[in-house]
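Below: one structure, written as structure tokens.
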């Protein structure tokens, strides 16, 4: 509850109607100040005697005091009214907080009571578990006594069945003979591996027959037991003489029963092994069929490659070698569209780069490696434009023919051909062991200055090496110390190369980092020097595909023979 003021009692803040302060008694009044003589002479003298005059002045002096006290009382009343209104406005919050505190206190009390109840319940549960254990123990003892009585009764009945044991032995021998026949049949079935499925069915059939035979034996045994009960009285006389014989016969019968159980378990195990072998043969057959399907797909791919190369050779014979058609099948369509839209460009695009690059005569063996070093057919499908508008227009035309994702566009102002007359010093003078390997610049010729400058900037044709094998690349770049130069003219950040045998890219950076990247593209013969060179490479590729086709076909025939 808020404080209503230190100068007031709690009764003031109650909800009772406010009462005015009590009047000040005469004893509490302040005595009047004596009036000076020079003022008393001027004051009018009221009528009456001295006593009435004294009372008059006394009341006049107390009136001002009473007025001040009344003003103070009214101010206090207004302040208390404001505080009471504020308290009444906050009263629901205080009541809610009190209710919440009361509920928390009740929850704590209930929780403490639950803890005490939990201890009592655990104690009761322990005693209950102990009583259950004693009850189960007594039940087990009762069942044990009943079992002993049953055992004694069974022993007594067995003693009375001695006379009929001979008949049971004869029947057991017959069953044993039948099981021996079944085992021989199962052994014959196991030898017939090529007819696993039929053998499995026959084994299941034989097993069902054996089960029926066992059921028949069980029926006969129950009948014999009934006959034994009938002959109980007749066996009482002969019980003493046949007791020893009975024990030996029981032991013999037990041994025979155990032997029969073991043979039955062996029969079941053999059946399971036969099923496992059948499953294994089935899995092996499925694996062989998958291999046949894979070889068939490879055969179809090799056949398609042979047909594609043969079609390309026929096209070269009919219309000659066209590098642009080797870049992409739709590249001639794009070039025709560019020719028709030529007037819409501010500056006609230059490209594709592959149409300006050729392998120099005598270096035909480096054609595929140089093509991969220049980015493959997609890298050689690059066009050069001068501004952004021409770039956007060219990109839209490429998308319209369906190769927007394939064509690359580079912006570059026309300039004179770079003065690159020889390979970079890092691959010649600074590292003499690299001088015996050719660079891309050594094996190609470029007919356009702008294209030449783009190849220098993007692919560093003056320093990118061409190695015959990957072993040469590893030995020259990774196992030999390299000099990357110190001067501005000679320094280079890395030395890169391409292996001709696999198309893989190699690089060794000045910081010592080594990298090998496999080739994910196949050379398309874009940089051929002439038609004869193109036909020669295609015929070699066709011969290679035919050999792969023949090997794949032979493998397929071998798989089919196994199946």
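The values are calculated or read from the model by the stated rules, or taken from the named source; none is laboratory data. Here the structure is a predicted model, which means the values were calculated and not measured. Cβ: placed from backbone, ideal geometry, glycine included. Neighbour counts: every protein chain shown.
Among the residues of region 369-379, is any at pLDDT 90 or above, loosely packed, with under 14 Cβ neighbours inside 10 Å and under 45 Å from the mean Cα position of the chain (by Cα)?
No - not one qualifying residue is present in region 369-379.
Looking at 476, 510, which one is modelled with pLDDT of 90 or more and assigned by TED's automatic domain parsing to the domain that holds residue 362?
476
Take the residues in region 477-502 that are buried (at least 19 other Cβ atoms within 10 Å of the Cβ) and assigned to a loop (DSSP other than H, G, I, E, B); name whichever of them is nearest to the chain's Cα centre (by Cα).
Out of the qualifying residues, it is 500.
If you check 412, 408, 417, which single one turns out to be in contact with a strand residue (DSSP E or B) (Cβ under 8 Å, 6 or more places away or on another chain), within 14 Å of residue 448 (Cβ to Cβ) and surrounded by fewer than 20 Cβ atoms within 10 Å (Cβ to Cβ)?
Sole residue among the options that is in contact with a strand residue (DSSP E or B) (Cβ under 8 Å, 6 or more places away or on another chain), within 14 Å of residue 448 (Cβ to Cβ) and surrounded by fewer than 20 Cβ atoms within 10 Å (Cβ to Cβ): 412.
Does residue 474 count as surrounded by fewer than 17 Cβ atoms within 10 Å (Cβ to Cβ) and within 20 Å of residue 508 (Cβ to Cβ)?
yes
A quick yes/no check of all residues on (1) surrounded by 10 or more Cβ atoms within 10 Å (Cβ to Cβ); (2) modelled with pLDDT of 80 or more; (3) assigned to a helix (DSSP H, G or I):
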position: 76; (1), (2), (3): yes, yes, yes
position: 84; (1), (2), (3): yes, yes, yes
position: 90; (1), (2), (3): yes, yes, yes
position: 93; (1), (2), (3): no, yes, yes
position: 101; (1), (2), (3): yes, yes, yes
position: 118; (1), (2), (3): yes, yes, yes
position: 154; (1), (2), (3): yes, no, yes
position: 167; (1), (2), (3): yes, no, yes
position: 172; (1), (2), (3): yes, no, yes
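Can residue 525 be described as farther than 28 Å from residue 365 by Cα and surrounded by 14 or more Cβ atoms within 10 Å (Cβ to Cβ)?
no
Quick check on residue 467: is it surrounded by 18 or more Cβ atoms within 10 Å (Cβ to Cβ), within 24 Å of residue 332 (Cβ to Cβ) and touching a strand residue (DSSP E or B) at 6+ places or on another chain (Cβ under 6 Å)?
No; evaluated as a whole, the condition is false for this residue.
Would a scan of region 443-456 turn up a residue that is in contact (Cβ under 8 Å) with a residue 24 or more places away in the chain, touching a strand residue (DSSP E or B) at 6+ places or on another chain (Cβ under 9 Å), part of a loop (DSSP other than H, G, I, E, B) and surrounded by 20 or more Cβ atoms within 10 Å (Cβ to Cβ)?
no
Can you pull out every residue in region 503-519 that is in a loop (DSSP other than H, G, I, E, B), free of Cβ contacts under 8 Å to residues at least 60 places away in the same chain and surrounded by 15 or more Cβ atoms within 10 Å (Cβ to Cβ)?
If the condition is that a residue be in a loop (DSSP other than H, G, I, E, B), free of Cβ contacts under 8 Å to residues at least 60 places away in the same chain and surrounded by 15 or more Cβ atoms within 10 Å (Cβ to Cβ), then 504, 510 are the ones that fit.
If residue 355 meets every condition in (1) surrounded by fewer than 18 Cβ atoms within 10 Å (Cβ to Cβ); (2) within 15 Å of residue 450 (Cα to Cα) apart from one, which number is that one?
Going through the list (1) surrounded by fewer than 18 Cβ atoms within 10 Å (Cβ to Cβ); (2) within 15 Å of residue 450 (Cα to Cα), residue 355 breaks only (1).
Go through (1) surrounded by 10 or more Cβ atoms within 10 Å (Cβ to Cβ); (2) at pLDDT below 75 one by one and return the number of the condition residue 33 breaks.
(1)
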